[in-house]
Every structure is written in C-alpha cells, then in structure tokens.
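Working notes, structure below.
The values are calculated or read from the model by the stated rules, or taken from the named source; none is laboratory data. It should be emphasised that the depicted structure is a prediction, and the values quoted were computed from it without experimental measurement. Cβ placement follows ideal geometry from the backbone for every residue including glycine, while neighbour counts extend to all protein chains displayed. To get the accessible areas, we keep the full protein, side chains included, count just its heavy atoms, and leave off ligands, DNA and RNA. Shrake-Rupley method; radii C 1.70, N 1.55, O 1.52, S 1.80 Å.
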2 protein chains.
Amino acid sequence: MNIEQEDLKRSEIFKVLSDPNRLRMIRILYQSGREMTCGEVGEKLSVSKSTVSYHFKLLRAVGLTHTRKAAQSKYLSLNQQTFAKYLPGFLDSL
Amino acid sequence: MNIEQEDLKRSEIFKVLSDPNRLRMIRILYQSGREMTCGEVGEKLSVSKSTVSYHFKLLRAVGLTHTRKAAQSKYLSLNQQTFAKYLPGFLDSL
DNA sequence: CATGTTATTCGATAATCATCGAACTAAGGC
DNA sequence: GCCTTAGTTCGATGATTATCGAATAACATG
C-alpha cells in the first residue's frame, strides 16, 4: 500500500472512531474483555437497534471489530491487530 | 475530566484526523521536523488558502497543533503532548 | 407452522462538513 | 500613502452523516 492509500485507510478508521457512540462501544467491548451481542451493547447506549446495527457495520467495515455468528445472535469483539497497526497504545489509553 | 467528557474530547480529535487533507498536513509537519507556514503547507496540498485556513483552525482547536505568529506569517508545529496523550505511538506509525 | 428473538435494510430527515471565491484584516516594503 | 503578502471570515453549495421507525430476514422453540 502506498502512502495515499494508507492515508485514506487511516482517515476512514479515524472517521469511524469520531462518533462518541462508537467510541463508547469500543470501550465497552474493551473493558468487558469478552464477546458481546449487538443487543447487549445497544442496551448500554440507549439508542435504537437499527442505529446500533449501523454503527457495528461501520466498525466491521474498517476492520476494528470481528463478528462471530451463532444462531440468531452475532458476537462482536475487537480486532486487536487493526488497533495495533493503526493506533498502537490507544486501547490501553482508554 | 470524567469519562463522558474524555470520550467527547477523543471523538473530536478523531474527527479532526478523519479528513485526508488534515492527515497529510500532519504528516508534512511531522516529517519536515520544523515549523511551517500555512501557505507552505497549502502549496503541497493544492487546495485553496481559505480551505487550508479552515483545516488549520480545526487542528488548532483540538490542540493538535501550535501556532506562532511572526510578522504576516503564522508558523505551525505539532503539539506533541496532545498526540502523546490521546494517540501514543501514532506519529511514529506514520 | 406460528410466535418470538436478533439483527439488517430502507426511506426520511435534520445536522454537520469540505470546499470555493470574494471580501476583509493585518503587517511590511517601497 | 499605495501595493504586496499571508491569513481569516463569510455566505453558498453539494456531499456525507446519525438517527429513527417500519418493514424484512434468519433462526429457534413452542
């Protein structure tokens, strides 16, 4: 990847992190230290489930989270590799 | 500062970093290792000077840069402390 | 198969954003 | 005092965004 593309990727990641609700989601996932479902996270944020789904889609799209499907639920967890590459030390600063 | 406020501050910083042109500005400043004027940076990005001024204002507003005024020019430099606090290791990953 | 749970998709809407050129301010040099 | 240089501010505009509720899809369980 050249610098142009790297910058675009970086700015996309920052854009995804620039919403307070998404930041909270990440903190919730990080501090829980386990997988969580959409509903579980959404409950803590008091926003509609469609909005939660929207945010989760964005987080997934830039590789910040990983999704495991099981039955009707989807379990989300942080993708530590992406954080390590683009935001070294960030998670620990939360 | 409580967590709510910290998250707002964080998301503001990320929002400022989520624009490719502002990211390039930061890279330019970082790699040059010195102060630069608005015009100097703007030249490298081929955007209008009003747009550059707009971006610089945002960077300053969240404390990512520092401005020193001298004669008609304004010299910009990165505020390393803000990076260290909110994005440890980020500059080195550029 | 009917019902309930979990999540996604689809408009719609109000808000925010990046960009420009033009007008303006401030400072120097002639 | 004028012109030049360096930045800022001010609309205006087109694009993107966050949010919601309603409709839909996928799966499980009675």
- Query: Here are some residues: B:Ser93, B:Ser11. Which one is within 12 Å of DNA strand D (Cβ to nearest atom), under 19 Å from A:Leu17 (Cβ atoms) and facing chain A (nearest Cβ under 10 Å)?
  - Reply: B:Ser11
- Item | Filter result (open to solvent by 20 Å² or more (accessible area, probe 1.4 Å) and either more than 8 Å from DNA strand C (Cβ to nearest atom) or farther than 17 Å from B:Leu78 by Cβ (or both)) within region B:46-62 | B:Ser46, B:Val47, B:Ser48, B:Lys49, B:Ser50, B:Thr51, B:Ser53, B:Tyr54, B:Lys57, B:Arg60, B:Ala61
- Cβ-Cβ under 7 Å pairs, at least 6 apart or on other chains, region B:23-42 side modelled with pLDDT of 90 or more, far side in a helix (DSSP H, G or I) and away from DNA strand C (no atom under 15 Å from the Cβ): B:Tyr30/B:Leu91; B:Met36/B:Leu29
- Task: Take region B:25-40 and flag every residue that is surrounded by fewer than 19 Cβ atoms within 10 Å (Cβ to Cβ) and either among the β-branched types (Val, Ile, Thr) or out of contact with any strand residue (DSSP E or B) (no Cβ under 7 Å at 6 or more places or on another chain) (or both).
- Result: B:Arg27, B:Ile28, B:Gln31, B:Ser32, B:Gly33, B:Arg34, B:Thr37, B:Gly39, B:Glu40
- Within region A:74-90, which residues are in contact (Cβ under 8 Å) with a residue 12 or more places away in the chain, outside any helix (DSSP H, G or I) and either within 14 Å of chain B (Cβ to nearest Cβ) or open to solvent by 40 Å² or more (accessible area, probe 1.4 Å) (or both)? A:Lys74, A:Tyr75, A:Asn79, A:Leu87
